[in-house]
Amino acid sequence: MMADLDLPFIFAALLGLSILIYVVLDGFDLGVGILFPFASEAERDTMVASIGPFWDANETWLVLAIGILLVAFPIAHGAILTQLYLPVAVMLVGLILRGVAFEFRAKAPPKHKRAWDIAFCGGSLMAGLSQGFMLGLYIMGLSYTWWHVGFALLTAVFLTVAYSFIGATWLIWKTDGDLQKKAVKWSREGIWGVIAGMGLVSLFTPFVSERIFDKWFGLPQMLYLSPLPVMSALLIGAIFWKLRRLPMDADSYAWVPFVATIALFALGFAGMAYSFYPFIVPEALTIYEAASAPEALSIILVGTMIVLPTIIAYSVLSYWIFRGKATKLSYD
Amino acid sequence: MDTLLLSRIQFAANISFHILFPTITIALGWVLLFFKVKFSRTREKRWMDLYMFWVKVFALSFALGVVSGITMSFQFGTNWPGFMETVGNVAGPLLAYEVLTAFFLEAVFLGIMLFGASRVPGWLHTLATFLVAFGTTMSAFWILVLNSWMHTPAGHELRDGVIYATDWWAIIFNPSMPYRLAHMLLASGLTVAFLIAGISAYRLLRGDRGGDAATGLRFGIILGALLIPLQILAGDMHGLNTLEHQPQKVAAMEGNWETQGNVPLLLFALPDEEARTNHFEIGIPSLASIILKHDPAGVVPGLNDFVAADGTVTHPPVAPVFWSFRIMVGVGMLMLLASWAGAFLLWRRGADNLPRPYLWGLSGMSFAGWVATLAGWYTTEIGRQPWLVNGVLTTEAAVADVPAPMVLSTLIVYLAIYAILMVAYIGVITYMARKAAKGEPLPRDERTIGAQAMAVPAE
């Protein structure tokens, strides 16, 4: 029965889902770290408190994503990661620094706290920049030419800005008072970076290959794709409009920018996935060529179908338990 | 140095750094659950104080374990693509099940355990604590299944250079898995026992009269004294299992060159692979034969059996395996001595009146579990060489073709970061112990605010 399933496609979908969830979830907590230098010391404690219960599980989606790549597409895993050797190393160092700084900044002697704050921000920045660099290089086909590296450096900056933006919208939702006002201000500035970044990627992606160009601008494919840019534009408009009015009385609609940004990220991701499908190593290796043996995939699929909904359920439980403003986590 | 050697050093550095923290969290999770249940039953403040102190160490260790674990999962791809390409059909599902059944469980419920106490009912917080402990143990289970399979592969077949799973039951319960799992879980228990005993001893030496330091000391000593005989038994059985499946590793552990009877147990020797003999041997006659074969005349395999006719050596490097094994056993013996002497002293004098030199000795052994655990892993992992998967895939065949200078540069960065983090980790635990000894509140910690609230009557 299992053999009839399109296992490579299912695992590609699971991989995509994991990456998207990772980018949204770790995106907002990396973003909070990137915004550290703009906040006062007391605000930083609140910012950390707002992501404290979540960051660990958020990062686990990266492990799941890399795990699925490793398990389901071993050849692609090797091909992609050896090409990205240095940016991966930078990202790992960043993730190490910020992950441990979380704990150390609260437990180390007070005179060391500043150093750990720098490690937290610096680590978040390294992770954001290197992930953006990898994204750009992936779009360009994973080869190092001056032109590709230049593009990747741009995407590095834009993804980092996008992370700080979703981080700021998270803070609008989870904080109040001066910090919330600051977060609104950060979001108003950051959204320009998000627009520019999405624009840049959209501008270049169709020219990576004729195949993608045809998927974008050939008929009737263009019609199928058209909802993506239209909905993205609507969402950006909605976020813009809301940001001008926030914070509102009784804190209404503080969740809107964050949720709308998640939808925006999902649309951008869908556009990417649409463009590159069925390739997993751009224009070189398809998911069908790279997939593992069906026996191995089906045994994982059985577990995944049972466990993944459970994971999502208790993750939701965790977000529900820690609902409300982060400041309520204080000693008072 | 070439890419292979550098990649091996880098992976060894990463995995050595990583394993230190799971070794603490696997057992500490259960210990915290014990403290919490003890507090709910007795309502005695000292159990809550113990929980509050050690939950911070847990959170710190957990974070270090997570970030160093992520590093490893990426290094499979960046440095060892041949591993997944050849045995991915077996290793992949095992790793996937680890992430799915253990990693998420720990990560999500850790948040609730650390600061959910004031937000969820008491039973749910206890359940979260249990699920975190259970998750860390599940994680250890899957990883040790995979590691054991690499030592004693079973339940697979080779087709066109790629491994395919044929029997998952045989893969999971491969011949060395039960022994390795038991040995590692006990190692974790002992590491935590000596960490708690050692840090508590240090607090008492610094004049801590909080009550929880003495309780921690007693808890650590008794746990250590109970586990160490079990560990010696498990280690012995694990060794016999290795003798059956990887005789070349046991030959290196014993420094035994010729297959023969009446093999002495060497206490000291300098193995020389060039001359294929030992220098300056000091040994107890026939004891190795007795331990391994339960017979003084028992024939024990020798290293020279593992040299092919063309001179190719198929046994592991001798000196590192020989010495790592002796360090592990030596620390184990020291633990036996320290914990049993401690148990005797506790019985005679009570936890508040232990002699100061003994307390200093114990605090010096706070991280003794790390030394023994690392030495044990070096014994078994170096002892598997030149194989990555015993008899299936050599380490050399799995390495990535990354330029050596690139590996060297990342290796230097990793080593520098690990050194800093190691100093910071031990430094912060010592700092917390000194603060606690002075009776000062620990630094403001927004991550344990919920747990703080638990000290307030919670039903």
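The values are calculated or read from the model by the stated rules, or taken from the named source; none is laboratory data. Worth saying up front: this structure is predicted, and the values here are computed from it rather than measured. Note: ideal-geometry Cβ built from the backbone for every residue, glycine included; neighbour counts use all protein chains shown. Surface areas here come from the heavy atoms of the whole protein model, side chains and all, with no ligands, DNA or RNA. Shrake-Rupley method; radii C 1.70, N 1.55, O 1.52, S 1.80 Å.
Tabulated data
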quantity	calculated
Conditions (1) closer than 21 Å to B:I429 by Cα; (2) open to solvent by 10 Å² or more (accessible area, probe 1.4 Å); (3) more than 7 Å from chain A (Cβ to nearest Cβ); (4) not β-branched (V, I, T); number of the one not met by B:E98	(1)
Candidates A:Y253, A:Y319 - the one that is open to solvent by 30 Å² or more (accessible area, probe 1.4 Å) and touching a helix residue (DSSP H, G or I) at 6+ places or on another chain (Cβ under 8 Å)	A:Y253
Any hit, segment B:109-124, residues being assigned to a helix (DSSP H, G or I), without any contact (Cβ under 8 Å) to a residue 12 or more places away in the chain, under 26 Å from A:L62 (Cβ atoms) and out of contact with any Lys or Arg (no Cβ under 8 Å at 6 or more places or on another chain)	yes
Selection count where residues are under 30 Å from B:D167 (Cβ atoms) and free of Cβ contacts under 8 Å to residues at least 24 places away in the same chain, scope segment A:251-297	2
Of the criteria (1) modelled with pLDDT of 90 or more; (2) more than 7 Å from chain A (Cβ to nearest Cβ), which one B:L60 fails	(2)
Residue among B:W377, B:W387 that alone is touching a Ser or Thr at 6+ places or on another chain (Cβ under 8 Å), more than 14 Å from every other protein chain (Cβ to nearest Cβ), surrounded by 17 or more Cβ atoms within 10 Å (Cβ to Cβ) and farther than 30 Å from A:V90 by Cβ	B:W387
Residue in segment A:274-292 that is nearest to B:G88 (Cα to Cα), counting only those that are of a type outside the set (V, I, T) and buried (at least 17 other Cβ atoms within 10 Å of the Cβ)	A:S292
Sole exception among (1) in contact (Cβ under 8 Å) with a residue 24 or more places away in the chain; (2) part of a helix (DSSP H, G or I); (3) not aromatic (F, W, Y) for B:L226, by number	(1)
Qualifying position, being under 21 Å from A:A250 (Cβ atoms) and exposed (fewer than 13 other Cβ atoms within 10 Å of the Cβ), among A:G199, A:G177	A:G177
Residue match in segment A:91-102 (condition: basic (K, R), within 12 Å of another protein chain (Cβ to nearest Cβ) and open to solvent by 10 Å² or more (accessible area, probe 1.4 Å))	no
Top-ranked residue of segment A:16-53 - restricted to ones that are closer than 30 Å to A:G78 by Cα and within 14 Å of chain B (Cβ to nearest Cβ), ranked as most open to solvent (accessible area, probe 1.4 Å)	A:L17
Residues being among the aromatic types (F, W, Y) and either modelled with pLDDT under 85 or loosely packed, with under 14 Cβ neighbours inside 10 Å (or both) - total across segment B:269-308	1
Residue list for segment B:396-426, restricted to those being of a type in the set (V, I, T) and more than 22 Å from the chain's Cα centre (by Cα)	B:V399, B:V402, B:V407, B:T410, B:I412, B:V413
Helices (runs of 4 or more DSSP H) wholly inside segment B:379-459 that include at least 2 residues being under 30 Å from A:S50 (Cα atoms) and modelled with pLDDT of 90 or more	B:404-437
Residue selected from segment A:72-83 under the condition open to solvent by less than 10 Å² (accessible area, probe 1.4 Å) and within 8 Å of another protein chain (Cβ to nearest Cβ), by the criterion farthest from A:M134 (Cα to Cα)	A:A72
Pairs with Cβ under 8 Å, 6+ apart, first in segment A:304-332 and more than 9 Å from every other protein chain (Cβ to nearest Cβ) and within 22 Å of B:T101 (Cα to Cα), second at pLDDT 80 or above and open to solvent by less than 20 Å² (accessible area, probe 1.4 Å)	A:Y319/A:F54
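This table checks each residue for (1) away from every other protein chain (no Cβ under 14 Å); (2) free of Cβ contacts under 8 Å to residues at least 24 places away in the same chain; (3) open to solvent by 10 Å² or more (accessible area, probe 1.4 Å).
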{"site": "B:P153", "(1), (2), (3)": "yes, no, yes"}
{"site": "B:H156", "(1), (2), (3)": "no, no, yes"}
{"site": "B:I163", "(1), (2), (3)": "no, no, no"}
{"site": "B:D167", "(1), (2), (3)": "no, yes, yes"}
{"site": "B:H183", "(1), (2), (3)": "yes, no, yes"}
{"site": "B:F194", "(1), (2), (3)": "yes, no, no"}
{"site": "B:A197", "(1), (2), (3)": "yes, no, no"}
{"site": "B:L205", "(1), (2), (3)": "yes, no, yes"}
